[in-house]
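What follows is a short report on a single structure.
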Amino acid sequence: MVMRLSSIYGKQIYNTRGNYVGYVDEVLIEIDQGRGKVLALVLPGEKVGVPYDRVTAIGDIILVRAKEE
């Protein structure tokens, strides 16, 4: 799937338990050998990142896998 990074800025992030996590303020990308990989979606304020490998769906909102407790 191809998607513009600018299209996810400001999207709300919820976890799979239905809890609001925050919204996308920044996106961190690792560029290695000419290929880019999204590492994290960064929340505003404390600049805490949500690891991109926890993202399960992107649509009107972004859904991330809840942390195991």
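The values are calculated or read from the model by the stated rules, or taken from the named source; none is laboratory data. What you see is a predicted model; the values in this text were computed from it and never measured. With ideal geometry, Cβ positions are generated from the backbone for all residues, glycine too; neighbour counts draw on all protein chains shown. The area values use the complete protein model at the heavy-atom level, side chains included, leaving out ligands, DNA and RNA. Shrake-Rupley method; radii C 1.70, N 1.55, O 1.52, S 1.80 Å.
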Among the chymotrypsin sites (Phe, Trp or Tyr not before Pro) in the range 7-69, which ones are in a DSSP loop with at most 16 other Cβ atoms within 10 Å of the Cβ? Mind listing them? Y9
Just grab the label-to-label distance for D53 and K11, each label 7 Å out from Cα along the Cβ direction, in nm (one decimal). 2.0
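If you roll a 1.4 Å probe over the heavy atoms of the protein chains, what accessible area per residue do you get for the chain, in Å²? Please list the in-between numbers first.
Values: 5120 Å² over 69 residues.
Value returned for the chain: 74 Å² of accessible area per residue.
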Could you pull out the trypsin sites (Lys or Arg not before Pro) across the chain that fall in loop regions by DSSP (anything but H, G, I, E, B) with no more than 12 other Cβ atoms inside 10 Å? R4, R17, K47, K67
Under a 5 Å amide H to amide H cut-off, with H placed in plane at 1.01 Å, what residues pair with G22 once short-range neighbours are removed? I13
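At 0.36 nm per residue, minus the direct Cα-Cα distance, what do V2 and N19 gain on full extension? Give it in nm, one decimal, please.
Working: separation 17, 0.36 × 17 = 6.12 nm, distance 2.72 nm.
Net length gain for the segment: 3.4 nm.
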In whole Hz and in residue order, list the ³J(HN,Hα) couplings for the range 9-23 that follow from phi through the Karplus curve 6.51 cos²θ - 1.76 cosθ + 1.60, θ = phi - 60°; x for Gly and Pro. 4, x, 5, 6, 10, 10, 9, 5, 8, x, 8, 6, 9, x, 9
Which value in nm describes the separation of the simple spin-label points at L28 and E46, placed 7 Å from the Cα toward the beta carbon? 1.5
Between V38 and R65, what is the label-to-label distance in nm when each label sits 7 Å out along the Cα-to-Cβ direction? 1.6
Can you list the residues, at least 5 places off or on another chain, whose amide H is less than 5 Å from the amide H of V64, using H built in the peptide plane? Y14, N15, T16, T56
Can you give me the long-range amide H partners of A40? Hydrogens built in the peptide plane at 1.01 Å from N, cutoff under 5 Å, separation of 5 or more residues or another chain. L28, Y52
